[in-house]
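Peer 1: Pasting a structure below so you can have a look.
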Amino acid sequence: MTVTMAKAINTGLRRAMDQDGSVLLMGQDIGALGGVFRITDGLWKDFGDSRVVDTPLGESGIVGAAIGLAMRGYRPVCEIQFDGFVFPAFDQITTQLAKMRYRTAGRVALPVTIRIPYGGGIGAVEHHSESPEAYFAHTPGLRVVTFASSQDAYDVTRSAIASDDPVIVLEPKRRYWDKSPLETGDAVLPLPLASIAHAGSDVTLVCYGPTVRTCLSVAQVAADEGRSVEVVDLRSLSPWDEDTVLDSVRRTGRCIVVHEASVSGGLGAEIAARVSERAFYMLEAPVLRVGGFHTPYPVSRIEDEYLPDLDRILDAIDRSFAV
Amino acid sequence: MRLIASVWPLCDDESVDDLVQLLTPAGQRVEHPDYRLALEAGELLGLYRDMVLVRRMDVEATALQRQGELGLWASCLGQEAAQVGSARAQRPTDMCFPSYREHGVAWVKGVEPLQILGLFRGVNYGGWDPRERYIHVYTLVIGSQALHATGYAMGVQRDDTDDAVVAYFGDGATSQGDLNEALVWASVNAAPVVFFCQNNQWAISEPVERQSRVPIAQRATGFGIPAVRVDGNDVLACHAVMSAALETARDGGGPVFIEAFTYRMGAHTTSDDPSRYRIADELESWRAKDPIDRMRSYLETEGILTADQQLALDADSDALAAAVRAGVLEMRNPEPLDMFDNVYAGAHPLVTAERASYASYLASFVDEARS
């Protein structure tokens, strides 16, 4: 069947709750309303107050209480309403959640999932369009994942919940209503590594979440211009799949990382550094990055200037070949 | 312009009239209309013994820090009654979440002194299993653990058991957002958690007046949480008040807030110098309210504690101190590669690769030495 990414996440949550009574959802407005994006639609009605918990309005409280619930044996799935609202919980996530296994010498596992709708492109007001992945990928103890298709949305949601590590799931909110095929299998897969979303031979585009669709469009347009673009969808940002990226770059000799977050100190910088370390002599051109600028996320009327789009990525490809 | 509000006299005797007290500073047993306590002689003696041993361990730890064997020590000197009394009131399966000064609580929960000291020596971040001892590892970021306690209590509610949960924190923590969020969460969820605040009057160098213009306990009522103030240097009152609070939580009565009015007799930690910010008179006035002295006086008067028992306890104290000292000196450093353990439950290729890389780097020195 073909479903929206939003429906795929919803189906994944429902399946996880059906299969494991210790799974519970917590967040603001996730009950009767079904969440501000309706991702939890219908779950409160079917699972009730004790498993779909409308929390008080405080992000630190959501994550801090989830830690306690996890210590008691539950698998909490927290919804943070928007990317820009995760920072009140940043201390609980980075100081407590990420480090608890380490601090307790492996005695305490915290299987907590934190879902964060992230990224721009929806014409939102401030604090509703951000890409905070680098903060979390920089934090040992966390796993950070995202997805770009309904199938991955369903699988990643269930894998994250089943993981004994805390997982940050960054949901590309502007793709929530994109439809793609979904098969709802019973098996819970391991958290994914990268996938080749489009095979090519001239240049590798490394992307994830909302920029995957953009990069696939780039691959189509570039093909018309005679360039064969390989698109690597990272899916997991911590860990990220060095082997798949390097294998691709060794074949193409060119690498461009595309993400919405500011490129300065971003995940692209880490990827560029690793590629340079491990495949320097295979490169035909420096690794390039296309992403946000070192500014706060701009107002929505000009957000398209900030977000990496078809033309900026094609321009980067041209620059890569100009070397 | 006046920058600091005129302060409500928190430390004056007048302001502490409402403290629940069952044992006066002179060691006289008094009754309280709301809090009865009927402990056997053996239990009373046990409370005294706990306090004496905890203090001996604490003093030894301070000495070990001064001799360079611990990196830091946060003394609980003066707070033994609040900790031992409140901890002895718990059932073995009542989970509690301490800050970093709850050595008396940890002791009662069955944590070995050396398991406590590992953190301060720098060989681990928490030497015991929280699931086994029902006390979480120490939390050093102020107030964070109150939310963990509340979440844990929400889990207890869902398990439909009558366990209760305790969050330990100090006066300074009541200014933290997390503590306030925990009070909101616990209140609206009627979570079975007792918030046990040891108001020891000082957050490092800041007096409690820098945290609150009203008695700490009064804040709880704004969250809809019943609150009680107790003489934190009275082990009997702390036991009684905590027992009642735990029963309320168990019976579905929701959270209770306890302010144990006590005093940090030592420095904040061994890195601190209280002579820079507090006057000697204050210390002396609190010395007269010492929790151990008053209990000893009471037990001797009642004939519960004999001279022989005291002598035996003194010998046990010295033996404990000697064992603590020997154990600390024997504590081994972790191996360098242990650093990579327990970052994740499952495999993480980056950690695996960095571990392997660092292992071969270390091994390169071994090869040099051999060649």
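The values are calculated or read from the model by the stated rules, or taken from the named source; none is laboratory data. Owing to the predicted nature of the structure, the values given are computational and were not obtained by experimental measurement. Neighbour counts are summed over all protein chains in view; Cβ atoms, including those assigned to glycine, are modelled from backbone coordinates with ideal geometry. What goes into the accessible areas is simple: the full protein's heavy atoms, side chains included, and nothing from ligands, DNA or RNA. Shrake-Rupley method; radii C 1.70, N 1.55, O 1.52, S 1.80 Å.
Peer 1: For chain B, what proportion of DSSP beta bridges, expressed in % and rounded to the nearest 5, is antiparallel?
Peer 2: Bridges in chain B that DSSP calls antiparallel: roughly 10 percent.
Peer 1: Can you give the Rg/Rh ratio of the range B:103-215, where Rg is from the C-alpha atoms and Rh is the Kirkwood radius?
Peer 2: Using only Cα positions, Rg/Rh for the range B:103-215 is 0.99.
Peer 1: Let me ask something else about it. Taking chain B as a Gaussian network, where each spring joins two C-alpha atoms under 10 Å apart, which residue of B:Pro255, B:Pro207, B:Pro334 fluctuates the most?
Peer 2: Highest fluctuation among the options: B:Pro334.
Peer 1: I would also like to ask the following. Given a 1.4 Å probe, show me the residues in the range B:130-148 buried by at least 40 Å² of accessible surface when comparing the whole protein assembly to the chain alone.
Peer 2: Relative to the lone chain, where solvent access is computed with a 1.4 Å probe, the range B:130-148 loses at least 40 Å² at B:Arg131, B:His136, B:Val141, B:Leu147, B:His148.
Peer 1: For A:47-56, what's the mean count of beta carbons from other chains sitting within 10 Å of each residue's beta carbon?
Peer 2: Counting other chains' Cβ atoms within 10 Å and averaging over A:47-56 gives 2.
Peer 1: Right, next: Counting heavy atoms of the protein chains only and a 1.4 Å probe, report the per residue accessible area for the protein assembly as shown as a whole number of Å².
Peer 2: With all protein chains present, the protein assembly as shown gives 40 Å² per residue.
Peer 1: Amide H to amide H, which residues 5 or more places from B:Leu305 or on other chains are under 5 Å from it, using H placed in the peptide plane?
Peer 2: Residues meeting the amide H criterion: B:Glu300.
Peer 1: Rg and Dmax of the range B:225-354, using alpha carbons, in Å: what are they?
Peer 2: Over the range B:225-354's Cα set, Rg and Dmax evaluate to 22.9, 67 Å.
Peer 1: Relative to a virtual label point 7 Å from the Cα of A:Ser217 in the Cα→beta-carbon direction, which members of the range A:270-310 show backbone nitrogen distances below 15 Å?
Peer 2: Counting only backbone N, you get A:303-310.
Peer 1: How big is the Cα convex hull of chain A in projection, averaged over all directions, in nm²?
Peer 2: 16.1 nm²
Peer 1: Sticking with this one: Quick check: from the Cα gyration tensor, does chain B come out rounded (a/c under 1.5), prolate or oblate?
Peer 2: prolate
Peer 1: Could you work out how much longer the chain between B:Met331 and B:Gln218 gets when fully extended? Use 0.36 nm per residue separation minus the Cα distance between them, nm to one decimal.
Peer 2: 36.2 nm
Peer 1: If you wrap a convex hull around the C-alpha atoms of the range A:195-322 and split its volume per residue, what is the figure in Å³?
Peer 2: Hull volume over Cα atoms, normalised by residue count, gives 98 Å³.
Peer 1: Measure off 7 Å from each Cα along the Cα-to-Cβ vector at A:Val125 and A:Tyr281, then give the distance between these two points in nanometres to one decimal.
Peer 2: 5.8 nm
Peer 1: Still on this structure, I have one more. What does the C-alpha gyration tensor say about the overall shape of the range B:35-171? Classify as rounded when a/c is under 1.5, otherwise prolate if a/b is larger than b/c, or oblate.
Peer 2: Oblate, since a/c reaches 1.5 and b/c is not below a/b.
Peer 1: Inverting the mean 1/r over all pairs of different Cα atoms, compute the Kirkwood radius of the protein assembly as shown and quote it in Å.
Peer 2: 27.7 Å
Peer 1: May I pose another question? Which of the trypsin sites (Lys or Arg not before Pro) across the range B:29-121 are loop residues per DSSP, with 11 or fewer other Cβ within 10 Å?
Peer 2: In loop regions of the range B:29-121 (DSSP not H, G, I, E or B), the sparsely surrounded trypsin sites (Lys or Arg not before Pro) are B:Arg36.
Peer 1: Springs between alpha-carbon pairs under 10 angstrom, Gaussian network model over chain B: which of B:Asp338, B:Asp314, B:Asp272 fluctuates most?
Peer 2: Its mean-square fluctuation being the largest, the pick is B:Asp338.
Peer 1: Please give every one of the aspartates and glutamates within straight-line cross-link reach of B:Lys109, meaning a C-alpha to C-alpha distance under 17 Å, and leave out same-chain neighbours fewer than 8 residues apart.
Peer 2: Of all the aspartates and glutamates, those that pass the test against B:Lys109 - Cα under 17 Å, at least 8 places apart if same chain - are B:Glu43, B:Asp50, B:Asp58, B:Glu80, B:Asp94, B:Asp129, B:Glu132, B:Asp163.
Peer 1: Using all Cα-Cα distances in the range A:156-266, what percent lands in each 5 angstrom bin from 0 up to the longest?
Peer 2: Using 5 Å bins, I get a P(r) of 2, 11, 19, 22, 20, 15, 8, 3, 1, 0 for the range A:156-266.
Peer 1: Within 10 Å of each Cβ of B:158-165, how many other protein chain Cβ atoms are there on average?
Peer 2: Partner Cβ neighbours, averaged per residue: 2.
Peer 1: Another one. Please report the carbon-and-sulfur percent of the accessible area for the protein assembly as shown; probe 1.4 Å, protein heavy atoms only, DNA, RNA and ligands left out.
Peer 2: 52 percent
Peer 1: Label the range A:106-189 by shape, choosing from rounded, prolate and oblate, from the square roots a ≥ b ≥ c of the eigenvalues of the Cα gyration tensor; if a/c is under 1.5 it is rounded, and otherwise prolate applies when a/b is larger than b/c, oblate when it is not.
Peer 2: Since a/c reaches 1.5 but b/c is at least a/b, the shape of the range A:106-189 is classed as oblate.
Peer 1: How high is the FRET efficiency between B:Thr301 and B:His32 when r is their beta carbon distance and R₀ equals 25 Å, given to the nearest 0.05?
Peer 2: The calculated FRET efficiency here is 0.85.
Peer 1: I want the antiparallel fraction of DSSP beta bridges within the protein assembly as shown, as a percent rounded to 5.
Peer 2: 15 percent
Peer 1: Here's something else I'd like to know. Please state the charge dipole magnitude for chain A, taken about the Cα centre, from unit charges on C-beta atoms (+1 on K and R, -1 on D and E), reported in debye and rounded to the nearest 20.
Peer 2: 760 debye
Peer 1: Between A:Arg301 and B:Thr161, what is the FRET efficiency for a Förster distance of 56 Å, r being their Cβ-Cβ separation, to the nearest 0.05?
Peer 2: After rounding, the FRET efficiency stands at 0.50.
Peer 1: Share of antiparallel DSSP beta bridges in the range A:195-322, in percent to the nearest 5?
Peer 2: 20 percent
Peer 1: If you fit an axis through the alpha-carbon atoms of helix B:235-250 and take the longest principal axis of the Cα set of chain B, what angle between them do you get, 0 to 90°, nearest 10?
Peer 2: With both axes taken from Cα atoms, the answer is about 80 degrees.
Peer 1: Determine the order of B:Asp159, A:Asp247, A:Asp155 by accessible area, beginning with the largest, at a probe radius of 1.4 Å.
Peer 2: Accessible-area ranking of B:Asp159, A:Asp247, A:Asp155, largest first: A:Asp247, B:Asp159, A:Asp155.
Peer 1: Suppose we keep just the alpha-carbon trace of the range A:2-181; what are its Rg and Dmax in angstrom?
Peer 2: In order Rg, Dmax, the Cα atoms of the range A:2-181 give 14.9, 45 Å.
Peer 1: For helix A:310-322, report the angle its Cα long axis makes with the longest principal axis of the Cα atoms of chain A; keep it between 0 and 90° and round to the nearest 10°.
Peer 2: 40 degrees
Peer 1: If I fit a long axis through the Cα atoms of helix B:144-159 and take the longest principal axis of the Cα atoms of chain B, what angle between them do I get, 0 to 90°, rounded to 10?
Peer 2: It is inclined by approximately 80 degrees.
Peer 1: Using only protein heavy atoms and a 1.4 angstrom probe, determine the accessible area buried between A and B, summed over both sides, in Å² to the nearest 100.
Peer 2: When A and B are taken together, about 3400 Å² of accessible area is lost.
Peer 1: What would the Debye formula give as log10 I(q)/I(0) at q = 0.13 Å⁻¹ for the alpha-carbon point model of the range A:1-43, no solvent?
Peer 2: Values, matching the q order: -0.27.
Peer 1: Moving on. So what are the ³J(HN,Hα) numbers for the range A:29-37, from phi and the Karplus equation (6.51, -1.76, 1.60; θ = phi - 60°), rounded to whole Hz, Gly and Pro as x?
Peer 2: 6, 8, x, 4, 6, x, x, 5, 9
Peer 1: Loop-only chymotrypsin sites (Phe, Trp or Tyr not before Pro) in the range A:174-235, please: DSSP not H, G, I, E or B, and at most 12 other Cβ atoms within 10 Å.
Peer 2: A:Trp177
Peer 1: Just in the range B:297-371: which GluC sites (Glu not before Pro) are loop by DSSP and have at most 12 other Cβ atoms within 10 Å?
Peer 2: Here the GluC sites (Glu not before Pro) that fit, given the DSSP loop and packing criteria, are B:Glu302.
Peer 1: Ok, one more. Given the range A:8-94, what whole percent of its Cα pairs are spread farther than 16 Å?
Peer 2: Of all Cα-Cα pairs in the range A:8-94, 49 percent lie more than 16 Å apart.
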